[in-house]
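This report refers to the structure that appears directly beneath it.
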Amino acid sequence: MARSLMPVAEALERVLAGVKPLPADSVPLEQAHGRVLAQDLAAQRTQPPADVSAMDGYAVRGIDASKPNATFKVIGEVAAGHPFAGEIGAGEAARIFTGGVLPSGADTVVIQELVTRIGDTMTLTKPSEPGRHVRRAGYDFRRGDVLLRKGKRLTDRDLMLAAAMNYPAVPAHRRPRVAIFGTGDELIMPGAEPGPGQIVYSNGFALAALLRADGAEVTEMGPVADRIADIRGAIRRAREEHANILLTTGGASVGDHDLVQKALVEEGMALSFWRIAMRPGRPMMHGRLGDMQVIGVPGNPVSSYVCSLLFALPLNRTLSGRNDVHPVPLPAKLGRDLPENDERADYLRARLTHEPQGLVATPVTAQDSSLMAFLAQADCLILREPYAAPAKAGSEVVILKLPL
């Protein structure tokens, strides 16, 4: 393999080298969905804080509830938030509702379906085991239990838990700011009528959605003309907006009309690499411009998407402070034969099906990097190492699932 083509693993290592999570802020819970915790969270209270009823019924002593046809005097009532101040003695009961704190002396709840009641007298129709239908103090968690870990991206369920742990706000890393633009005199915005040689700009919409879903704040600057002055202006705008990542699409190579790399270098970018040993996406570029990371992906739609998935997403996650930086490879069966591979790693678009033999990944029929319809139909990428031997249908492959 020519050394000018950098292996994917080495390229990703360079992209992430020295990258640290962004600083943390105190974020109110109502704004914390999708944010990444900057420190472990320990419960600030015990849940439930006392023994409580799991059902509507009667709080009694377990020793009394175990006797057939036992009769009790009802001496009080317990609702959630309204504890009973008295004590349950032998032959006594308190009407209790779900969530009510068990009165002193009681250790069992007899559900209302197993009793008859006349006035203040309650009689069991069936004995109950001691301890039934009671949620003990700390049944869910106890004060001091570490339940949410640093680096966790908060889900809706995590917000529920954090609130129950008594956190009105959580320490979370700032969201990375990503600026995106594409280059090309041929590009027009969707809805316009293309003239001779023009095409509709599409890459930025996918890349912006991909990174927003991953937690970034995205500024999509649209297409920029193939003029050094215009490209440098877009670069400066990204810096003025304090972008942590500048993601460009198109123009990253060194042809006469590929001006992005030239403009970036003129603005002061230190080039890390360009050209990597992968398909699609060989003419990908990476560098640093001050505090801003720059990823230049090819203009072909599939190449731009795959490169962003493999490089921009891990970079965004590292800046976000996440533990799960890298996409998780999964095993699958190959759906059809594949020929041997050349010096580049292949990332083949494929459809997934669930078959009796397990998960099956079948490559789409055409892998050209310009084909957006096939990319939209794909569920995953099949990963093939450089110089991979021919593979038969049914053989094991490694896949990366595409975001839903």
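Since every read-out is calculated from the coordinates, none of them should be taken as a lab result. Values in this document were obtained by computation on a predicted structure and should not be read as measured data. So basically every Cβ, Gly included, is an ideal-geometry build from the backbone, and we count neighbours across all protein chains shown.
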Multiply the residue gap between GLU266 and GLU241 by 0.36 nm, knock off their C-alpha separation, and tell me the result in nm, one decimal place. 7.1 nm
What residue among ALA169, ILE180, TRP274 has its Cα farthest toward the positive end of the dipole of the chain, where the charges are +1 on Lys, Arg and -1 on Asp, Glu, each on the Cβ? ALA169
Could you give each residue of segment 125-142 its phi-based ³J(HN,Hα) in whole Hz, using Karplus coefficients 6.51, -1.76, 1.60 with θ = phi - 60°, and x for Gly or Pro? 8, 7, x, 10, 6, x, x, 5, 6, 10, 9, 6, 4, x, 4, 7, 7, 10
Taking loop as defined by DSSP and a crowding limit of 11 other beta carbons within 10 Å, which trypsin sites (Lys or Arg not before Pro) in segment 352-402 fit? LYS392
When Lys and Arg each count +1 and Asp and Glu each count -1, what net charge do the other residues less than 13 Å away from GLU220, Cβ to Cβ, add up to? +1
Theoretical FRET efficiency, 1/(1+(r/R0)^6), r = Cβ-Cβ of ILE118 and HIS33, R0 45 Å, to 0.05: 0.30
Chain lengthening between SER370 and VAL200 when straightened (0.36 nm per residue, less Cα-Cα): 59.9 nm
DSSP-assigned coil residues among GluC sites (Glu not before Pro) in segment 315-404, each with at most 14 further Cβ atoms within 10 Å: GLU340, GLU343
For the chain, report the convex hull volume of the alpha-carbon atoms normalised per residue, in Å³, without decimals. 202
What percent do you get for the relative contact order of segment 330-401 when only Cα pairs under 8 Å and 6+ apart count? 49
Taking the Cα-to-Cβ direction at LYS126 and at ASN166 and moving 7 Å from each Cα, how far apart do the two end points lie in nm? 3.9
For segment 330-401, place one equal point scatterer on every Cα, skip the solvent, and apply the Debye formula. What is log10 of I(q)/I(0) at q = 0.18, 0.21 Å⁻¹? -0.64, -0.86
Which whole DSSP H helices in the chain pass both tests: a Cα extent of 15 Å or more along the axis and a mean Kyte-Doolittle value no lower than 1.0? 203-213
Total formal charge among the other residues, if their Cβ is under 9 angstrom from that of ALA378, Lys/Arg +1 and Asp/Glu -1: +1
Pairs of alpha-carbon atoms within less than 8 angstrom and 6+ residues apart define the contacts here; what relative contact order does the chain have, in percent? 16
Would you compute, from DSSP H runs of 4+ residues alone, the mean residue ellipticity of the chain at 222 nm, taking -39500 (n - 2.57) per run and dividing by the full residue count, rounded to the nearest 500? -5000 deg cm²/dmol
Step through the residues of segment 355-365 one at a time and calculate ³J(HN,Hα) from phi using the Karplus curve (6.51 cos²θ - 1.76 cosθ + 1.60, θ = phi - 60°), rounding each to whole Hz and writing x for Gly and Pro. 10, x, 7, x, 6, 10, 10, 10, x, 5, 6
Counting sequence-distant residues (5 or more places) and residues on other chains, those with an amide H built under 5 Å from that of MET278 are ALA345
Given labels modelled 7 Å from the Cα in the Cβ direction, how far is it in nm from ALA393 to HIS82? 7.0
Estimate the FRET efficiency between LYS67 and GLN44 by the formula 1/(1 + (r/R0)^6), using the beta-carbon distance for r and 41 Å for R0, to the nearest 0.05. 0.45
Any chance you could run the full-extension gain for ALA213 through GLU343? It's 0.36 nm times the residue separation minus the Cα-Cα distance, nm to one decimal. 43.5 nm
Using the Cβ atoms and a cut-off under 15 Å, what net charge is assigned to the surroundings of PRO49, where Lys and Arg are +1 and Asp and Glu are -1? +2
Sorted by chain and number, the residues with a modelled amide H under 5 Å from that of PHE273, at a separation of 5 or more or across chains, are HIS286
Can you tally the lysine pairs in the chain where the Cα-Cα distance is under 22 Å and the two residues are eight or more apart, or on different chains? 8
Sorted by chain and number, the residues with a modelled amide H under 5 Å from that of ALA106, at a separation of 5 or more or across chains, are ILE88
Given unit charges at Cβ for Lys, Arg (+) and Asp, Glu (-), the dipole magnitude of the chain about its Cα centre in debye, nearest 20, is 740
Please report the antiparallel percentage of the DSSP beta bridges confined to segment 198-356, to the nearest 5. 55
